[in-house]
Structures are given as structure tokens and as C-alpha cells.
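The values are calculated or read from the model by the stated rules, or taken from the named source; none is laboratory data. No experiment lies behind these values; they were computed from the predicted model shown. Glycine gets a Cβ as well: all are built from the backbone with ideal geometry, and neighbour counts include every protein chain shown. Ligands, DNA and RNA are excluded from the accessible area calculation, which covers all protein heavy atoms including side chains. Shrake-Rupley method; radii C 1.70, N 1.55, O 1.52, S 1.80 Å.
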Amino acid sequence: MTSQPYLSELFSLDGRVALVTGGSSGIGRAVTEALARAGASVVVVARREAELAATVGELEALGCRAAKVSADLGTRDGVRAAAEEAVEAFGEPDILVNCAGINLRPPMGELGEDVWDTTMALNLEAPYLLGERFGPGMAERGFGRIIHITSQQAHRAFVQSGAYGVSKGALESLARSQAEAWSPYGVTCNTLVPGFVMTPLNRRLSSDPERVAALAARTMVGRNGLAEDFAGAAVFLASRASAYVTGQAIFVDGGFSVH
């Protein structure tokens, strides 16, 4: 007896199409590879052309199907243009992962309207617009997975959460609203909540060895997160295995949030 057919039925993404924003670096890059290696055709949306090309090349070298879209998701027109270009590669997506984000966190007293607007546009409005573009189609087809990458700052204030924390808290609320709207039609909407992960987005904290060590000590496993720690959770939420999981915030943080 082999477990392979059973595992494939639960977790395989063969025949699925995934769109991952921010999928060329950090957590998004790890999620992109995980979905692709699980069988999905993946469209990577990000700004930097060189990173996009490298990501797609590495995935194709693994035998995966991948395409890229270089886009500015900080404007409504940019989001809409990226969405339409993305569907040209493999068709309408079954899986939408919103990982693109900006991490501008000046002290609250110095937080200007420009930082607020920039943060909300990329971290919150882009996921909303992409959900509005693709969620109804997923519902019509009877299958869809929307996954947002949020933050501990959605739940607790530390290291100058500022507008960033507000945007991530709102993103988790958006997931619940999307779940309410579309889960009756087979579309689950969830968030993955990282702890502290050594990625380019966290470059400011990563440069402080004492702070890095203190954050690791706060976890239960004794280390900070790695991008690849999100691979299994992403495949689970994108697959048939998670059909009864929706509207949830799933912490992938080594126990950071409960220690």
C-alpha cells in the first residue's frame, strides 16, 4: 500500500493556477516555489525585473510552469493592469496569494500622510482589488483559495507598528469579509501570520544582532523564522485539504505569539 495517491488527492495542486504578489523574494518566494512544486502553474507579480526573471528561471529549471509580471501594485491602475497581464499566462487563477508589502514604520508622531497612503495602497488596497477581480470568478467555478500574508503587528504593537500594523490588522479583517462572501461557493480566505523572519522586508531589524537574538528568545523553538517555514502551510491552504478552513489567521511563528 502506498500513501502517494492519498497525499496527492489532499495536497496536489496539479491543474491549478496561482498568482503570488511579492513572489520573487522572502516569504513570497518560498510560497511561490512551494505552490509550483506542488503542481500549480504560478504567475509571480513583483516590481524588480531581475528578481522576477531569476525566480522564473529557477522554477523552470525545477520543471515547474511559471510566468512573471513586473508591476507597481501601489496604484489602482497598476494593480488592475497587473491582474489582466497575469491571466494571459495560464488563465484565471484558482489561488491568490497576497504577499507584496511595504514596511515603513517611522515613530507614530512622525508618521505622515504620505507614509500612511503608501502603506495602505500596497498592503491593503492591492489585496482588496485583486480579491474583487478574482474572487467572484473563483466562486463561479466552485473552487478558490485566497491567502494573505500578514504580521504579528496585526495583533500586538511593538517595534513601531504604526501604519504597517494597521494595514495588516485590516488585511485580516478583509480575509474574514472575503470568507463570508465567497466561502459558501468553495472559496476559502485565510491569512498566514509570520513571527520575525529574516527577509529583506525586515532588513532594519535584521541589522541589529541584539534585537534579532531577543526576538529568537521570545519564540518557543529558539530561533527566528525562515522563509521556507511557510511552504507547507501555504500548500495546505491552497489545496483541497483546507476546504473547511476559512476566515482564519494561522500563526507560523515558532510560538512567538503565545510565549
Boolean, VAL44 is open to solvent by less than 20 Å² (accessible area, probe 1.4 Å) and either touching a residue at least 60 places away in the same chain (Cβ under 8 Å) or in contact with a Cys (Cβ under 6 Å, 6 or more places away or on another chain) (or both): no
Which pairs turn up if I take residues in the range 218-229 that are within 10 Å of PRO194 (Cα to Cα) and part of a helix (DSSP H, G or I) and look for partners that are open to solvent by 20 Å² or more (accessible area, probe 1.4 Å) and charged (D, E, K, R) with beta carbon separation below 7 Å, at least 6 apart in sequence or on another chain? ALA227/ARG29
Which one is least open to solvent (accessible area, probe 1.4 Å) among residues in the range 1-20 that are of a type in the set (Gly, Ala, Ser) and free of Cβ contacts under 8 Å to residues at least 60 places away in the same chain? SER8
When restricted to ARG156, ARG145, the only residue outside any helix (DSSP H, G or I), out of contact with any Pro (no Cβ under 8 Å at 6 or more places or on another chain) and surrounded by fewer than 16 Cβ atoms within 10 Å (Cβ to Cβ) is ARG156
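So that you can scan it fast, the table gives a plain yes or no per residue for (1) of a type in the set (Lys, Arg); (2) in contact with a Ser or Thr (Cβ under 6 Å, 6 or more places away or on another chain); (3) more than 19 Å from SER25 (Cβ to Cβ):
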| position | (1), (2), (3) |
| --- | --- |
| ALA126 | no, no, no |
| THR150 | no, yes, no |
| SER161 | no, no, yes |
| SER183 | no, yes, yes |
| GLU210 | no, no, yes |
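Scan SER161, SER177 and give me the residue that is over 23 Å from PHE11 (Cα atoms) and surrounded by fewer than 17 Cβ atoms within 10 Å (Cβ to Cβ).
Exactly one of SER161, SER177 is over 23 Å from PHE11 (Cα atoms) and surrounded by fewer than 17 Cβ atoms within 10 Å (Cβ to Cβ), namely SER177.
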Considering only residues that are of a type outside the set (Asp, Glu) and open to solvent by 50 Å² or more (accessible area, probe 1.4 Å), look in the range 90-106 and name the one that is modelled with the lowest pLDDT. LEU104
Residue list for the range 221-236, restricted to those being buried (at least 22 other Cβ atoms within 10 Å of the Cβ) and either of a type in the set (Gly, Ala, Ser) or touching a Cys at 6+ places or on another chain (Cβ under 8 Å) (or both): GLY225, ALA234
Looking only at the range 21-41, filter to residues that are assigned to a loop (DSSP other than H, G, I, E, B) and open to solvent by 10 Å² or more (accessible area, probe 1.4 Å); which one of those is nearest to ALA233 (Cα to Cα)? ALA38
Checking LEU130 against (1) out of contact with any helix residue (DSSP H, G or I) (no Cβ under 8 Å at 6 or more places or on another chain); (2) crowded, with 21+ Cβ neighbours inside 10 Å, which test does it fail? (1)
